[in-house]
Structure formats: C-alpha cells, structure tokens
There are 2 protein chains.
Amino acid sequence: MATIKDVANRAEVSTATVSHVINKTKFVSQEVRDKVLNAIEETGYIPNNIARSLKVNQTKTIGLIVAYIENPIYSGVFREIEKYARNHGYSVLICNSNDDPDIEEEQIQLLLTNRVDGLIIVPSKNSKIPKKGLIPEGFPVCFLNRQLSGYSVPSVVIENKQASYEAVNHLIQKHNQKEVGIILGERHNQLSKERHEGYRLALLENSIEYNDDLVIEGYSTFQGGVSAVRDLASEGYFPDSVFITGTTMMLGFMFELKKMGISCPADISIIGFSDTNMSPLMDPPLSAVAQPINKLAERSVELLFEQIDGAKKGDLVEVLSCKVNYRMSCGCHWEPKFSQSNYDKFYESVYSE
Amino acid sequence: MATIKDVANRAEVSTATVSHVINKTKFVSQEVRDKVLNAIEETGYIPNNIARSLKVNQTKTIGLIVAYIENPIYSGVFREIEKYARNHGYSVLICNSNDDPDIEEEQIQLLLTNRVDGLIIVPSKNSKIPKKGLIPEGFPVCFLNRQLSGYSVPSVVIENKQASYEAVNHLIQKHNQKEVGIILGERHNQLSKERHEGYRLALLENSIEYNDDLVIEGYSTFQGGVSAVRDLASEGYFPDSVFITGTTMMLGFMFELKKMGISCPADISIIGFSDTNMSPLMDPPLSAVAQPINKLAERSVELLFEQIDGAKKGDLVEVLSCKVNYRMSCGCHWEPKFSQSNYDKFYESVYSE
DNA sequence: TTTCATCAGTTAAACGTTTAACTATCGTTC
DNA sequence: GAACGATAGTTAAACGTTTAACTGATGAAA
C-alpha cells in the first residue's frame with residue numbers, strides 16, 4: 001500500500017509538503033499542490049491514520065460499551081452517538097458487554113489499549129470496574145443511563161422518579177383511578193427505588209392511601225409480568241390501573257391479561273416504561289414513558305468532549321426528564337395517523353428486510 | 001501515560017525484554033520477568049496498540065457497515081460478529097450507513113484510513129461503491145445479506161427463493177389453502193424477485209394457477225401493508241392466506257385486518273418474513289421466516305478471516321437457508337411455553353430497562 | 001548596496017512499538 | 001583447555017506520519 005513517501009517521490013517533493021497539502025496546514029503553491037494531488041490519485045494513496053494517531057497522540061475515536069445492543073434504547077443511543085461523533089470528526093468503537101462485569105472489564109482494557117480518546121459506558125448491572133487502576137486518573141469517561149457511585153466520573157441518566165410520578169399522576173387525575181398498582185423489577189434495585197418513590201409521591205399528593213399489596217416485583221421477566229396478573233387477581237380485588245416499569249414485564253402482563261379475558265383499557269388501564277416503536281402498534285396502542293434517546297446520546301458525547309478538551313467534570317450527574325406518551329392502553333383517546341407520522345419512515349427503513 | 005521505555009527503565013532491562021515478556025515471544029527468566037511485571041504494575045503501563053499496529057502492519061480490527069443498526073437483524077448480526085471476532089482477538093469498528101450510498105462511501109474511506117484488516121459490508125440499497133479505486137485490489141471484503149454483482153467480493157446471503165417456497169408450500173399443503181397471496185416490497189427489487197419466484201414455484205408444484213391479482217407491491221411500508229388489505233378486499237374475493245415479505249408491511253396488514261374485523265387465522269392465514277423476538281408475542285403469534293443470524297455473522301467473519309489469511313474468494317456467493325417458524329397466524333397449533341423457553345432470558349436481558 | 005521580512009519548501013526527529021541480528025556468558029564435549 | 005552450542009539478554013532500525021526548525025530565494029525598504 002502506498003505511503004506518503006511514495007507520493008512525495010512521485011510528486012518530486014518532500015513528505016512534509018505532501019502532509020501539508022493533505023492537512024491544509026501550510027500554504028502550498030497551486031502548481032506543487034496539483035502535482036501532489038495527482039501523485040495521490042496515481043498511487044492510490046490512503047492516509048494511514050494509525051501512524052497519524054501515533055504521532056499526534058490521539059485517535060479521534062471514542063469507545064462505547066453498552067449492555068445489550070439489541071435493546072432498542074441502546075441501538076438508538078449508539079446510532080445517535082455515532083452520528084454526533086462523526087459530525088465532530090470522531091469514530092466510535094462499540095462493545096457489547098452482555099451485562100457481564102468480566103467482559104466489561106476486558107473491553108475497557110481493550111479500548112484503552114486501542115487508545116480511544118474517551119469512554120462512554122453503560123455500566124453492567126454488577127459492575128466491578130475498579131475505582132482506580134484500570135482507568136487512568138483523569139481519563140475522559142462518562143457513564144450512561146446507569147450511575148455508579150464513588151467514581152469521579154460524570155453520568156447522564158433519566159429522571160425515573162419524575163417519570164413515574166407523572167405516569168401515576170396521570171392515571172389518577174385524568175382517568176380518575178383510585179387503585180393504582182405498580183410492577184417493579186426488583187425492589188432493592190436503584191432504578192426501582194426511584195420509580196417506587198415517584199409512585200408514592202403521586203399517591204400522597206392525591207391523598208390516596210398507600211397499599212403495599214399493589215406493589216409487585218416482576219423481576220424484569222416476561223414470566224414476572226404473567227405472575228403479576230395472577231397475583232393481583234388472587235388478592236381478591238383487581239386494581240383499576242397499573243404502571244409497569246419494564247417492557248418485558250409489560251409484554252407478559254398483556255399476554256396473561258388477554259388469556260384471562262381481562263380487557264385493556266376497559267377493565268384495567270396500563271402505562272408502561274420504555275416507549276418503543278412497537279408501542280403504537282400494540283393492541284391496544286401502549287401508553288408509555290419515552291426515554292430521551294437523542295438527549296441521552298448527545299449529552300454523554302458532549303460531556304465526553306468537554307473532558308477531552310480538558311474540563312474536569314467530577315461526578316456530575318445530569319438528569320434528563322422523560323416524556324410520557326399517552327395512547328390507548330391508559331384509556332386516553334389516540335389516533336394512529338400512520339400515514340402522516342414518521343413511523344412509516346422508521347419502519348420502512350429499519351425493518352425493511 | 002507510561003510507555004514501554006518507562007517500564008524498561010524501572011525494571012532495568014531493555015525494551016525488547018519488556019516486549020518479550022508482554023508478548024511471550026521469547027523465554028525470559030523468572031527473575032527478570034518478575035521485575036518487568038512489577039514495573040508494569042508500578043507504572044500503570046497500558047500497551048499502546050496504535051504503535052504496535054503501525055509496526056506489525058495490522059490492527060486486529062475489522063470494519064462493519066450496516067444499513068440500520070436498529071433493525072434487529074443487524075443488531076443481532078453485529079452482536080454475533082463482535083463475539084466471534086473477539087474470540088479471535090479482533091475488535092470491530094461498526095458504522096451505520098442509514099442506507100445512504102454517500103455515507104456508505106465515506107465510511108469505507110474512514111475504515112480504510114483506520115487500517116482495519118478487513119471489511120464486512122451490508123451494501124446500501126443504491127450502493128455506488130466504485131468497482132475499483134475506493135477499495136484497494138485484493139483487500140479483504142465480504143458483503144452481507146445483500147449481494148452486489150460485478151465485484152470480485154464474496155457475499156453471504158439468505159436463500160430467499162427456498163424460504164418463500166417453503167412458506168407458501170406450507171400454506172397450501174398443511175392448511176389446504178387454494179388462494180394464496182403474496183405481498184412484495186417492490187417487484188423489480190432483487191430480493192422480491194427471488195421471493196416471487198419461490199412463490200410461483202410452490203403454486204406450480206401444487207398445480208395452482210398463478211393469479212397476478214394476488215401479487216401486491218407494498219413498498220416495504222406500514223401504509224403499504226394497510227393498503228394491501230384494502231386492495232385484496234376490493235378485488236371482490238379475499239385470499240384465504242397471504243405471505244407477507246416484510247415486517248413493516250406485516251404490521252400494517254395486521255393492523256388493518258383488526259380494524260376491518262377480519263380475524264387471523266380464522267379468516268385468513270398469514271406467514272411473515274423476518275421472525276423477530278416479537279413474533280411469539282403478537283396476536284396471534286406470528287408464523288414467520290427466520291433468518292439465520294448466527295450463521296450469517298459467523299460465515300461472513302470466516303470468509304473475511306480466510307481472506308486476511310491470504311485466500312482468494314472471488315465473487316463466491318454463500319447462500320444460507322432459512323427456517324420457517326410456524327406458530328398460530330398460519331393456522332398451526334402452537335404453545336408458547338414461555339417459562340421454559342429462552343424468550344424470557346432474552347427479554348429479561350435485552351428489554352430490562 | 002545592504003538589510004531584513006516574507007514566502008515556499010525541506011530536513012530530520014519523534015511518536016511507541018517489534019524483531020532480526022547481535023553479544024556475552026556459561027556449560028559441554030573432546 | 002579449545003571449540004562450540006545453547007541461553008538470555010541487548011541493540012538499533014523500522015513502521016508512516018507530523019511538525020518545529022531550518023534554508024534559500026525573492027523583493028522591498030532604508
């Protein structure tokens with residue numbers, strides 16, 4: 001493969017001149033420039049970014065580690081991060097940790113060894129990233145969507161409590177629901193705690209007594225959603241509405257509901273967490289909390305870039321608020337209007353094969 | 001950041017020795033090795049893969065360009081490719097072309113400049129990758145899922161005709177359907193042509209007359225699926241079954257069906273293309289053609305590695321057969337059995353937040 | 001005519017590794 | 001004790017760039 005030397009020889013100039021025309025770092029006369037450009041054309045020269053990176057000590061690459069690339073949230077986040085990064089002249093090296101702390105650690109190693117300029121990490125659930133030793137002091141890092149305490153690393157997360165409050169409050173105020181249940185993943189989990197808090201707050205503000213029987217752990221599984229329906233039914237009374245804090249559980253819940261002949265939203269109102277592109281197509285179209293994918297991506301990259309540019313961010317936590325999309329599963333009126341919406345465009349492109 | 005020199009100084013050995021203990025390329029006495037290992041520990045040395053790549057002239061990185069990372073097929077393919085690559089000591093740089101030929105070209109440039117050792121490309125729909133000039137002669141490349149003719153590049157694709165034949169034949173033979181429709185994307189499109197062929201073959205073999213009124217273009221859109229229902233209904237007769245060759249169209253079709261009060265599978269049997277993890281959760285659980293994601297990923301990486309190791313592959317086309325998963329939408333009997341299946345595991349992990 | 005700034009290009013060191021070629025030491029063997 | 005092979009480490013060039021420092025030519029000002 002041709003090098004800058006080959007180009008220089010062919011154009012009968014020095015490598016410095018070639019470098020300068022490529023990078024526009026110094027004025028080069030039209031005549032010489034043309035010679036160089038021709039030589040590049042003729043030799044099929046492709047600049048070697050590896051050599052460049054070595055010399056300038058930066059790779060213009062950022063590393064991204066996500067738990068599951070197949071989660072629409074993360075594939076969306078990746079798409080946005082990559083777009084944003086590319087617009088700023090950066091590439092992204094992405095790794096899939098499978099939520100495995102060991103793989104996660106290995107991947108951090110790998111990315112550091114490849115000298116990425118910064119790291120955006122969705123920490124794995126049982127992350128054991130050492131507080132020091134693995135990642136050099138002061139290295140640009142940003143946590144995404146999940147925060148880890150005790151690190152001097154900024155994170156950008158979503159406002160779980162507010163989202164939960166909003167959804168539950170909506171059920172109470174707009175649909176006059178008095179018995180609202182909530183299906184959490186695992187109660188002790190940080191995310192669940194925050195969502196639980198928002199739930200309690202909404203009850204409190206509407207002077208509804210808290211009833212722990214209506215709080216169910218679904219362990220984020222389909223089966224958990226199925227069981228939740230049974231649990232609620234066996235309590236003798238069935239709540240008139242429920243806020244389900246996970247997509248999997250929601251699917252299980254809906255599935256079992258249908259099986260038992262309980263109709264939504266007639267018999268029970270539902271709001272889910274994590275609005276996806278499937279939501280409007282469900283039966284009934286699902287009302288759900290939408291995570292601000294774009295903002296999540298944008299802010300994390302920005303926080304990273306600021307660090308790359310030298311700013312210290314400490315353990316700053318940036319909290320992004322969520323929007324709840326109300327469709328039919330909570331009892332709202334909603335029209336699909338697919339023809340004018342962008343669903344079509346989305347599906348056409350994304351699911352076209 | 002510490003370099004190999006710092007380590008060498010601290011351990012009071014040469015850089016060559018340090019290199020040898022890191023890479024295990026030469027015997028080093030226990031005593032010296034320990035000194036080096038300690039020095040590495042003490043200096044917090046992280047090997048610089050950039051420098052290494054420059055020297056050994058390979059980056060142990062492969063480039064992957066997909067059309068849409070959010071398409072579950074491609075995020076799945078990516079996950080598998082990354083896993084497979086990592087097991088062979090390779091990283092993967094992935095780019096999202098958005099099916100835009102210009103972005104695609106730019107990204108190929110970028111990856112080449114970053115000296116990836118090989119390239120796996122899902123060509124964009126209107127790909128204008130130049131036959132020569134952009135990618136150096138003999139550079140390891142593999143096309144994935146879509147093939148481009150006229151290039152000396154191997155590809156791995158799925159057997160569309162066979163899949164289509166199988167699905168349609170199933171409708172005819174198992175469910176005794178005489179009028180089977182097919183919804184294609186665009187008729188002139190290569191994929192559609194192949195699927196169309198499989199459809200015709202199935203009819204022919206079962207001595208059913210071909211009727212062009214039952215072949216509908218849905219342009220791979222949700223709206224196209226909606227229209228297809230209306231078109232078929234307006235023909236006066238409604239087919240008893242239909243093979244829908246795209247997820248988006250299938251969603252639109254199902255949506256409109258429900259709206260018109262046509263029941264599936266009682267009134268109409270449906271088989272879709274592209275089985276996803278949503279299929280079993282649909283109402284009714286969807287029968288669909290499943291693309292062999294793992295094989296697709298594995299074979300493409302293998303083909304690439306063989307080229308990296310020096311083999312010439314020409315324009316070899318590797319065709320992978322698909323499996324049709326028969327659930328309820330075609331009229332088959334099917335039991336969810338979620339508790340024992342791996343759906344739960346999948347959803348638990350992937351959609352947990 | 002001298003001085004000196006500007007211009008357009010060159011020289012060569014440096015980035016952090018790898019690795020072929022080399023060296024010094026120590027046993028063996030005859 | 002000479003010759004030699006094995007062992008364990010070192011030396012230094014090379015990979016393909018960038019870029020500070022340098023050079024030589026040109027022309028304007030004093």
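The values are calculated or read from the model by the stated rules, or taken from the named source; none is laboratory data. On a predicted model such as this, the values are computed, not experimentally measured, just so you know. No Cβ is skipped: glycine too gets one built from the backbone with ideal geometry, and neighbour counts run over all protein chains shown. With ligands, DNA and RNA removed, areas are computed over all heavy atoms of the protein, side chains included. Shrake-Rupley method; radii C 1.70, N 1.55, O 1.52, S 1.80 Å.
What about A:Tyr165, is it on the phi < 0 side of the Ramachandran plot, touching a residue at least 60 places away in the same chain (Cβ under 8 Å) and open to solvent by 10 Å² or more (accessible area, probe 1.4 Å)? When the stated conditions are applied, A:Tyr165 does not pass them.
Scan the stretch B:133-156 and give yes if some residue there is in a helix (DSSP H, G or I) and touching a helix residue (DSSP H, G or I) at 6+ places or on another chain (Cβ under 7 Å), otherwise no. Within the stretch B:133-156, not a single residue is in a helix (DSSP H, G or I) and touching a helix residue (DSSP H, G or I) at 6+ places or on another chain (Cβ under 7 Å).
Looking at B:Ile271, B:Ile216, B:Ile244 in this structure, which one is modelled with pLDDT of 90 or more and over 21 Å from B:Cys322 (Cα atoms)? Residue meeting the stated conditions: B:Ile216.
Residue-wise test of (1) without any contact (Cβ under 8 Å) to a residue 60 or more places away in the chain; (2) more than 11 Å from chain A (Cβ to nearest Cβ).
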residue: B:Asp267; (1), (2): yes, yes
residue: B:Pro280; (1), (2): no, no
residue: B:Leu316; (1), (2): no, yes
residue: B:Met328; (1), (2): no, yes
residue: B:Glu335; (1), (2): yes, yes
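For the stretch B:290-297, the criterion of being away from chain A (no Cβ under 14 Å), under 30 Å from B:Ala85 (Cβ atoms), touching a residue at least 12 places away in the same chain (Cβ under 8 Å) and assigned to a helix (DSSP H, G or I) is met by at least one residue. Just to be sure, is A:Ile94 in contact (Cβ under 8 Å) with a residue 24 or more places away in the chain, surrounded by 23 or more Cβ atoms within 10 Å (Cβ to Cβ), in a loop (DSSP other than H, G, I, E, B) and at the interface with chain B (Cβ under 7 Å from one of its Cβ atoms)? No: the conditions fail for A:Ile94.
Each residue in the stretch A:1-40 was checked for being open to solvent by 90 Å² or more (accessible area, probe 1.4 Å), more than 11 Å from DNA strand C (Cβ to nearest atom) and outside any helix (DSSP H, G or I), and 2 of them qualify. The lone criterion from (1) away from DNA strand C (no atom under 15 Å from the Cβ); (2) closer than 20 Å to A:Arg52 by Cα; (3) in contact (Cβ under 8 Å) with a residue 40 or more places away in the chain left unmet by B:Leu110 is number (3).
Just so you know, in the stretch A:31-56 the residues that are touching a residue at least 12 places away in the same chain (Cβ under 8 Å) and among the polar types (S, T, N, Q) include one that is farthest from DNA strand D (Cβ to nearest atom), and it is A:Asn38.
Apart from one condition, A:Gly44 fits all of (1) among the small types (Gly, Ala, Ser); (2) surrounded by fewer than 17 Cβ atoms within 10 Å (Cβ to Cβ); (3) touching a Leu at 6+ places or on another chain (Cβ under 6 Å); the exception is (3). Evaluation of B:Val56 against the conditions (1) closer than 17 Å to B:Met1 by Cβ; (2) hydrophobic (A, V, I, L, M, F, W, C); (3) surrounded by fewer than 19 Cβ atoms within 10 Å (Cβ to Cβ) shows that the sole unmet condition is (1). B:Asn126 - would you say it is among the polar types (S, T, N, Q) and surrounded by fewer than 22 Cβ atoms within 10 Å (Cβ to Cβ)? Yes, satisfied. So, A:Ala202, is that one open to solvent by less than 60 Å² (accessible area, probe 1.4 Å), out of contact with any Asp or Glu (no Cβ under 6 Å at 6 or more places or on another chain), under 20 Å from A:Lys258 (Cα atoms) and in a helix (DSSP H, G or I) or not? So A:Ala202 fails the test. Only residues that are within 22 Å of the chain's Cα centre (by Cα) and in a helix (DSSP H, G or I) were counted in the stretch A:157-190, giving 9.
So which residues in the stretch A:236-264 are within 31 Å of the chain's Cα centre (by Cα), open to solvent by less than 20 Å² (accessible area, probe 1.4 Å) and either away from chain B (no Cβ under 14 Å) or of a type in the set (A, V, I, L, M, F, W, C) (or both), if there are any at all? Matches in the stretch A:236-264: A:Ser241, A:Val242, A:Phe243, A:Ile244, A:Met249, A:Met250, A:Leu251, A:Phe253, A:Met254, A:Leu257.
When A:Val116 is tested against (1) in a loop (DSSP other than H, G, I, E, B); (2) within 26 Å of B:Arg52 (Cβ to Cβ); (3) open to solvent by 10 Å² or more (accessible area, probe 1.4 Å); (4) more than 7 Å from chain B (Cβ to nearest Cβ), just one condition goes unmet, and that condition is (3). Consider the stretch B:61-83 and keep the residues that are over 14 Å from the mean Cα position of the chain (by Cα) and more than 9 Å from chain A (Cβ to nearest Cβ). The one that is surrounded by the most Cβ atoms within 10 Å (Cβ to Cβ) is B:Ile62. Every condition in (1) outside any helix (DSSP H, G or I); (2) among the aliphatic types (A, V, I, L, M); (3) closer than 27 Å to A:Val156 by Cβ; (4) open to solvent by 10 Å² or more (accessible area, probe 1.4 Å) is met by A:Ile216 except one, and the failing one is (3). Among residues that are open to solvent by less than 70 Å² (accessible area, probe 1.4 Å) and over 18 Å from B:Val317 (Cα atoms), B:Ile135 is included.
Among residues of the stretch A:1-22 that are within 14 Å of chain B (Cβ to nearest Cβ) and over 11 Å from A:Thr43 (Cα atoms), those with a Cβ under 9 angstrom from a residue that is more than 7 Å from DNA strand D (Cβ to nearest atom) and open to solvent by 30 Å² or more (accessible area, probe 1.4 Å), sequence gap 6+ or separate chain, pair up as A:Ile22/A:Ile40.
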